[in-house]
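A short write-up of the structure that comes next.
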Amino acid sequence: HFDYVKYIVDHGQLPPFNMGVETYHPPLFYWLAAAMVRAGADMQSLGEGLGDALRTFKQAVADVRNSVDPEMRTIQAEMDAAQKEIQQSIEAAKELPAAQEEPQKPT
């Protein structure tokens, strides 16, 4: 990843796609890293800091997922129960005798 960032710092543009596997990654991370290097950040400390930020972000995502998933399972169970109840009501309605309409009287 450092070569990708160094290329942006040195050339002011994205590297060619054949430079390496990293060139197929979305470029925002690399543009931000290059801007920080240009502003005077050390590449090693930049990498460590970005790694820490990424780990923190991943943990935040995991925390949100863990808090949302149980609620989603509860909502799904409620929706499944409602669906079953509706289906039972439809089946019960099909078993009722058909209502017969009275013929209209001529006026």
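List of remarks:
- Figure legend. Inter-residue proximity from the range 54-81: first residues assigned to a helix (DSSP H, G or I), second residues of a type in the set (Phe, Trp, Tyr) and open to solvent by less than 100 Å² (accessible area, probe 1.4 Å), beta-carbon distance below 9 Å, spacing 6+ or different chains. Indicated pairs: Leu54/Phe29.
- Residue in the range 75-84 that is over 30 Å from Ala34 (Cβ atoms), of a type in the set (Lys, Arg) and either open to solvent by 60 Å² or more (accessible area, probe 1.4 Å) or out of contact with any helix residue (DSSP H, G or I) (no Cβ under 6 Å at 6 or more places or on another chain) (or both) present: yes
- Against the numbered list (1) over 27 Å from the mean Cα position of the chain (by Cα); (2) at pLDDT 70 or above; (3) loosely packed, with under 10 Cβ neighbours inside 10 Å, Val37 comes up short only at (3).
- Here Glu85 qualifies as at pLDDT 80 or above and assigned to a helix (DSSP H, G or I).
- In the range 1-34, of all residues being of a type in the set (Phe, Trp, Tyr) and open to solvent by 60 Å² or more (accessible area, probe 1.4 Å), the one that is modelled with the lowest pLDDT corresponds to Tyr24.
The values are calculated or read from the model by the stated rules, or taken from the named source; none is laboratory data. No experiment lies behind these values; they were computed from the predicted model shown. Using ideal geometry, Cβ is built from the backbone for each residue, glycine included, and neighbour counts are taken over all protein chains shown. Surface accessibility is based on the protein's heavy atoms, side chains included, excluding ligands, DNA and RNA. Shrake-Rupley method; radii C 1.70, N 1.55, O 1.52, S 1.80 Å.
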